[in-house]
Amino acid sequence: MGAEANGSSSSLNFLIYGRTGWIGGVLGKLCEAQGIPYTYGSGRLEDRRSLVSDLDSVNPSHVFNAAGVTGRPNVDWCESHKVETIRTNVVGTLTLADVCRERGLVLINYATGCIFEYDSGHPLGSGLGFKEEDTPNFTGSFYSKTKAMVEELLKNYENVCTLRVRMPISSDLSNPRNFITKITRYEKVVDIPNSMTILDELLPISLEMAKRNLTGIWNFTNPGVVSHNEILEMYKEFVDPSFTWKNFTLEEQAKVIVAPRSNNELDATKLKTEFPELLSIKESLFKFVFEPNKKTEIKG
């Protein structure tokens, strides 16, 4: 698959899986704003015939997979629902990729970057991030384990564009899936720098990636890292001056969660090279999240 543009929006027709999900919902709104025809898939990912039926009726130019099991309220759910997690995250994703390949269609697959953890070759604070071709080294949670397996298998599908999303954030601070909303509601937070994905900036880029027919693995994060405390300090400054929080260590966190969490820096050079306008994580947080949510100060 080359990087040729796919012409005007009149030749585009997107089929999106994940209607009820956060990313899937935003994708529909972006298509509406850009005048791109789109349809939400009604088939279940693990049911090949239902996917074929969707493709027959929609005849899309591109397919987007924003469906998947992340677990509610969090990935700990996957530890006790392993078969359900495999059915959607492994069987379903591979089936969709396979059906799309038969039709010569590019599949934009929203995956995860939570398949790495800081190690001796990529130490915390070093600025050395994991690259697209690096082998996942985090198997602490069943969710991450299944995602790493699928990514490895999808490498064999030349029609798939795998986007490694991490700790997604948006300007909608009321959304319980938003990483900022999550950490403002936690009793205590760890303070570790991580790569993160500002959806307001990056989801429009994913539509552009489809138009360019880009494939392969992409670290789908803003360049650089930001820590939990840095985000909460911005939250306090821009949104709620009375906000306070408490920190705890990874060891203390481990006592209140079922599965360990991934902490890492992903190297976003490949994405930045393709999209030079991409902002660093702190710049993007400021522009897309905190500026729009800024509460007017009352001087007195």
Which whole-Hz couplings ³J(HN,Hα) result when phi for each residue of region 53-62 is put into the Karplus expression 6.51 cos²θ - 1.76 cosθ + 1.60, θ = phi - 60°, listed in order with x for Gly and Pro?
4, 4, 5, 5, 7, 8, 6, x, 8, 8
At R0 = 35 Å, FRET efficiency that the Cβ-Cβ distance of S227 and E32 yields, to 0.05
0.50
Tell me, in nm to one decimal, what length is gained between N156 and D200 on full extension, where the rule is 0.36 nm per residue of separation less the Cα-Cα distance?
12.8 nm
Set of aspartates and glutamates with alpha-carbon distance to K147 below 16 Å, sequence-local pairs under 8 removed
E46, D76, E79, E84, E117, E132, E133, D134
Candidates N156, N229, N13: whichever shows maximal mean-square fluctuation once the chain is modelled as a Gaussian network with Cα springs under 10 Å:
N156
Can you tell me the FRET efficiency between R87 and S57 if r is taken as the Cβ-Cβ distance and R0 is 22 Å, rounded to the nearest 0.05?
0.40
Residue-normalised value, i.e. accessible area per residue, for region 27-164 at 1.4 Å probe, in Å², stands at 45 Å²
How about K236: which lysines have a C-alpha closer than 28 Å to its C-alpha, ignoring those fewer than 8 places off in the same chain?
K182, K188, K246, K255, K282, K287, K294, K295, K299
Spelling it out for T112: with amide H atoms placed in the peptide plane at 1.01 Å from N, the residues 5 or more places away or on another chain with amide H under 5 Å from its amide H are V165
How much mean residue ellipticity at 222 nm does the chain get from its helices, if each DSSP H run of length 4 or more adds -39500 (n - 2.57) and you divide by all residues, to the nearest 500 deg cm²/dmol?
-9500 deg cm²/dmol
Accessible carbon and sulfur surface of the chain relative to its total accessible area, %, 1.4 Å:
52 percent
Arranged from highest to lowest average of other beta-carbon atoms within 10 Å per residue, in what order do the peptides 54-63, 188-197 appear?
188-197, 54-63
List the residues, sorted by chain then number, that are 5 or more residues from V189 or on another chain and whose placed amide H is less than 5 Å from its amide H.
K246, N247, F248
Mean separation of Cα contacts under 8 Å (6+ apart) over length of the chain, as relative contact order %:
20 percent
Please work out whether the chain counts as rounded, prolate or oblate from its C-alpha gyration tensor, where a ≥ b ≥ c are the square roots of the eigenvalues and a/c under 1.5 means rounded, while otherwise a/b larger than b/c means prolate and anything else oblate?
prolate
Report the extension gain between T181 and D240 in nm, rounded to one decimal, defined as 0.36 nm multiplied by the number of residues separating them, less their alpha carbon distance.
20.0 nm
Using only the Cα atoms of region 180-300, build the gyration tensor, take square roots of its eigenvalues as a ≥ b ≥ c, and label the shape rounded, prolate or oblate: rounded if a/c is under 1.5, else prolate if a/b is larger than b/c, else oblate.
oblate
Just to be sure I understand the model, the point goes 7 Å from the Cα along the line to the Cβ. What's the resulting K272 to S120 distance in nm?
2.8 nm
Label-point separation (nm) for T20 and K188, each offset 7 Å from Cα along Cα-to-Cβ?
3.5 nm
What does DSSP give for the chain in terms of the percent of beta bridges that are antiparallel, rounded to the nearest 5?
10 percent
So for the pair F286, E208, with labels modelled 7 Å out along Cα→Cβ, what separation do we get in nm?
2.1 nm
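The values are calculated or read from the model by the stated rules, or taken from the named source; none is laboratory data. Note that the structure is predicted; figures quoted are calculated from it, not measured. Because the Cβ atoms are built from the backbone with ideal geometry, glycine has one as well, and the counts that use them run over all protein chains shown. Surface accessibility is based on the protein's heavy atoms, side chains included, excluding ligands, DNA and RNA. Shrake-Rupley method; radii C 1.70, N 1.55, O 1.52, S 1.80 Å.
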